[in-house]
Each structure stands twice: as C-alpha cells, then as structure tokens.
Amino acid sequence: MFELLLTSFPVVIRYFQLKRRGEALTVWNMRTAVFLWAIMAFTLFLVIFYFHPKSYSGLLPFRTVSVVAQTSGPVTELPTVNGQRVSKGDLLFRIENSAQAAAVKQAEAEFDRLAAAEVKAQDTLLVAQASVIEATASLEKLQVDLENAQTLLARNVGTQDTVRELESAVAVAEAEKGAAEAQADLAQSDITQAIPAERRAAEAALERAQVALAQTEVRAFSDGVVTQLAMSVGSPASQLILSPAMVIIPDRPEGVPIRITAGFSQVARATLYEGMPAEIACDSNIGLSFRNAVLPARVASIQPAIAAGQVVPGGRLLEPENGLQRGSMLVYFELEHPEHEAIMVDGAGCIVQTYTSNLSGVTGHIIAATGVVKAVGLRLKVWGALISGVGLAGGGAH
C-alpha cells in the first residue's frame with residue numbers, strides 16, 4: 001500500500017537510530033515510531049479516501065426500443081433478421097391486412113355515393129327552382145283574375161261565387177309556391193350542409209381505415225440494430241409491451257454527450273461537486289496496450305434524491321425498518337474529450353475515481369496531490385481487471 005510506504009519514515013528513522021547506537025531492535029524500542037506510523041497512515045488513509053471518493057458501480061446506461069404491433073393478426077412478411085441495422089421508416093414486419101384493406105375500399109366507395117347524391121341534389125334543386133317559377137307565374141295570374149273579379153262584383157256585373165273560387169285558387173297557388181320554395185331550400189341545404197357534413201364524416205372514416213391499414217405495417221421509429229427477434233412468418237403479432245416482437249438498440253443521438261452513472265456513498269456528498277475531475281476505467285476498454293483504458297471525465301450533475309427513500313403508492317403503510325439499507329448518491333459523468341465517446345460500449349461496467357481540486361491554500365494543494373495515490377491504485381486495478389477478465393484469476397468467460 002502506498003499510504004503505508006509514504007508514512008513509514010518514522011519507523012525507518014528509528015530503525016537506523018537503534019542500529020547506530022547498537023541497541024536491540026525490540027517492540028518496546030519501536031513503540032513510539034510504530035504508533036506514530038499508525039497515526040500518520042490512518043490520517044493519510046482518511047484524507048485520501050474522503051477527498052477522492054471512488055465507485056465500482058460505474059455504468060454506461062442506454063435505452064432500448066420495444067417493438068410491438070398496434071393490431072392483431074398473423075405475420076405475413078418479416079424482412080428483418082437479428083443483428084440487422086435498420087433506419088427510421090424501414091419495414092420491420094407486416095400483419096395480415098385483408099379486413100383493413102376492405103374497410104379502406106368501403107370508405108373510398110362512400111365518396112362515389114356522395115358524389116352521386118350531390119348530383120341528384122343539384123338536379124332536385126333545378127326542378128324545385130323551376131317549380132317555384134311556375135308556381136309564382138300561376139299565382140300572379142290568379143291574383144290578377146281575382147282583382148278583376150272583385151272589380152266586376154263591385155260594379156254588380158260579376159258574381160260572388162266567381163270571387164270565392166278565385167280566392168280559393170289563389171290560396172292553393174300560394175301553398176304550391178311555398179311547397180316549391182321549401183323543396184328548393186331542402187335541395188340547397190343538402191348541397192351546402194348535409195352532403196359536405198357527410199363528406200367530412202366519410203373523410204374521417206377513410207382516415208381511420210387508412211390508419212388501421214397502416215398499423216398492419218410495423219416500421220422502425222429510430223435508427224439502430226435489431227435484436228431479440230422472437231417471431232417468424234405465421235406467428236401472431238404481439239401487442240403486449242412486456243412481450244415485444246423484437247428489440248431495437250437505437251443509435252446514440254448526435255450532439256448529445258453520453259453520460260456514465262455511478263453510485264457513491266452518501267458520505268461522499270460533502271466532497272462531490274459539479275465539474276469535479278474524475279477518471280473512468282471501463283472493462284470494455286481494457287487491453288494489453290493499456291491505450292484508452294483510463295479516460296478523463298468530469299462530474300456533470302448529481303441527482304438531488306436518493307432512490308432508497310422513494311415512496312410509491314401502495315396498500316400497506318411504510319415500515320421504516322425496511323429501509324435500513326442505505327442507498328447511494330447517483331452521479332452523472334461526462335467524458336472530458338468527446339472523441340472518446342466512439343470507443344465506449346453501451347452497458348459497460350466501469351470504475352470511477354474522482355479527485356478533489358477545489359480546495360484553496362497549501363493544504364488544498366497537498367490534499368489534491370494525494371490524489372496521485374488513488375490514480376496509481378486505479379491503474380493497478382485496471383491491470384487486475386485485465387488479468388481477471390482473461391480468466392487468469394478465475395473470472396471472465398475463458
């Protein structure tokens with residue numbers, strides 16, 4: 001341990017003192033030096049581990065896209081295979097769509113019916129308008145005849161029966177004119193209101209049918225790689241999100257830096273801060289050349305809550321004793337150099353080492369300098385992970 005070596009100088013000095021004097025090297029003679037050594041080593045351990053916290057739970061999280069069907073039916077076409085790269089809009093699989101296609105044809109046929117109904121309504125309007133003109137002319141003639149009959153009656157030339165007959169004819173003509181005008185208004189209402197309303201309803205029905213038909217073709221919503229394909233042609237399409245037909249690992253979004261998460265002890269909250277320098281060593285980047293095995297990073301943000309204290313609605317009251325296990329502080333890290341993002345593998349496990357550098361004064365510089373011990377220790381752990389990963393220490397897959 002470097003801490004023990006750095007603080008062993010009291011024992012070394014005492015050893016040479018006793019040797020120069022010719023005194024025997026005993027526990028009693030070394031008691032002060034050993035005690036001082038223990039105190040200094042403990043103090044150095046405390047300073048290094050407190051101001052430079054480390055986490056073994058580093059992880060590069062990533063999201064997946066579960067692919068499920070929006071409608072039921074057997075799969076009729078499956079152009080994708082496991083491991084295939086797809087782009088947004090690519091066809092993943094097609095479901096039997098005879099019922100949906102028939103619904104689209106039926107909705108399209110409704111437009112032909114509405115077109116015929118519109119032509120019929122226009123013809124009806126022309127007939128009604130002609131009837132209005134005819135009824136108006138007949139009414140005007142009867143009104144003139146009634147006025148003449150009333151004039152003759154006033155001169156004692158005509159008869160009362162003639163006047164009464166003409167008055168009845170005028171009333172009938174007015175009724176016929178009103179009926180013709182109502183028929184014209186009805187035809188006009190069909191053209192301007194009823195048929196357009198039916199057309200809008202038909203357009204909505206056609207859109208619903210087209211959407212239902214489109215749902216029989218499941219397409220990719222993002223660029224990525226298909227994995228866990230669990231279907232074949234003829235198998236029923238799954239509509240359950242817990243049992244997806246396949247999973248897509250989407251590509252990382254451009255312009256958005258990746259973030260590595262790590263859990264730290266709650267005690268480290270007093271030391272961690274945004275912008276804090278760190279080093280990250282991920283298992284997937286370890287190699288014999290040691291190149292890009294340890295990457296510089298910084299603390300991007302610290303989650304303001306600890307997951308262990310989360311309260312969710314339930315049927316039972318919370319029991320505090322069930323929360324004895326302390327949660328960890330979730331910290332997000334971003335790589336110092338964006339070009340390193342290309343070599344990171346999603347889901348990789350990492351060791352995260354932070355270094356305090358925000359303390360001022362001589363003491364602050366000394367504390368920051370002690371971080372070199374943790375830096376050397378991190379690199380030794382990387383070599384240990386390499387040995388374990390290739391199977392020499394019983395680990396790995398070899």
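The values are calculated or read from the model by the stated rules, or taken from the named source; none is laboratory data. The shown structure was predicted, so the numbers you read here are calculated from the model rather than taken from an experiment. A quick note on method: Cβ atoms are made from the backbone with ideal geometry, for glycine too, and the neighbour counts reach across all protein chains shown. Surface areas here come from the heavy atoms of the whole protein model, side chains and all, with no ligands, DNA or RNA. Shrake-Rupley method; radii C 1.70, N 1.55, O 1.52, S 1.80 Å.
Just the residues that are open to solvent by less than 70 Å² (accessible area, probe 1.4 Å) and without any contact (Cβ under 8 Å) to a residue 24 or more places away in the chain, please, taken from segment 49-65. Scanning segment 49-65 gives no hits. Tally time: how many residues in segment 351-366 are open to solvent by less than 20 Å² (accessible area, probe 1.4 Å) and farther than 14 Å from Ser55 by Cα? So the count comes out to 2. Taking residues in segment 303-319 that are more than 13 Å from Val331 (Cβ to Cβ), and partners anywhere that are assigned to a loop (DSSP other than H, G, I, E, B) and open to solvent by less than 90 Å² (accessible area, probe 1.4 Å), the pairs with Cβ atoms closer than 7 Å and at least 6 places apart or on different chains are Ala308/Gly327; Gly309/Gly327. In segment 186-207, the residues that are of a type in the set (Val, Ile, Thr) and surrounded by 15 or more Cβ atoms within 10 Å (Cβ to Cβ) form Cβ pairs under 7 Å with partners that are at pLDDT below 90 and part of a helix (DSSP H, G or I), at six or more places apart or across chains, as follows: Ile191/Glu118; Ile191/Ala121; Ile191/Gln122; Ile191/Leu125; Ile195/Leu114; Ile195/Ala117; Ile195/Glu118; Ile195/Ala121. Note on segment 267-283: residues that are crowded, with 21+ Cβ neighbours inside 10 Å and under 28 Å from the mean Cα position of the chain (by Cα) total 2.
Selection over segment 250-288 of residues that are touching a Lys or Arg at 6+ places or on another chain (Cβ under 8 Å), among the small types (Gly, Ala, Ser) and either outside any loop (DSSP other than H, G, I, E, B) or more than 14 Å from Thr354 (Cβ to Cβ) (or both) gives a count of 2. Residues of segment 208-245 that are in contact with a Pro (Cβ under 8 Å, 6 or more places away or on another chain), of a type outside the set (Gly, Ala, Ser) and open to solvent by less than 80 Å² (accessible area, probe 1.4 Å): Asp223 alone.
So, Glu134, is that one over 22 Å from Glu176 (Cα atoms), in contact (Cβ under 8 Å) with a residue 24 or more places away in the chain and of a type in the set (Asp, Glu) or not? Considered against the rule, which asks whether it is over 22 Å from Glu176 (Cα atoms), in contact (Cβ under 8 Å) with a residue 24 or more places away in the chain and of a type in the set (Asp, Glu), Glu134 comes out as no.
Take segment 201-249 and flag every residue that is among the basic types (Lys, Arg) and assigned to a helix (DSSP H, G or I). Of everything in segment 201-249, just one residue is among the basic types (Lys, Arg) and assigned to a helix (DSSP H, G or I), namely Arg208. Across segment 69-78, the qualifying residues are those that are open to solvent by less than 60 Å² (accessible area, probe 1.4 Å) and in a loop (DSSP other than H, G, I, E, B), and the one among them that is nearest to Ala212 (Cα to Cα) is Thr71. Give me a count of the residues in segment 312-330 that are open to solvent by 100 Å² or more (accessible area, probe 1.4 Å) and not basic (Lys, Arg). Counting residues in segment 312-330 that are open to solvent by 100 Å² or more (accessible area, probe 1.4 Å) and not basic (Lys, Arg) gives 8.
Within the set Ala375, Ala369, the sole residue that is within 21 Å of Glu274 (Cα to Cα) and touching a residue at least 24 places away in the same chain (Cβ under 8 Å) turns out to be Ala375.
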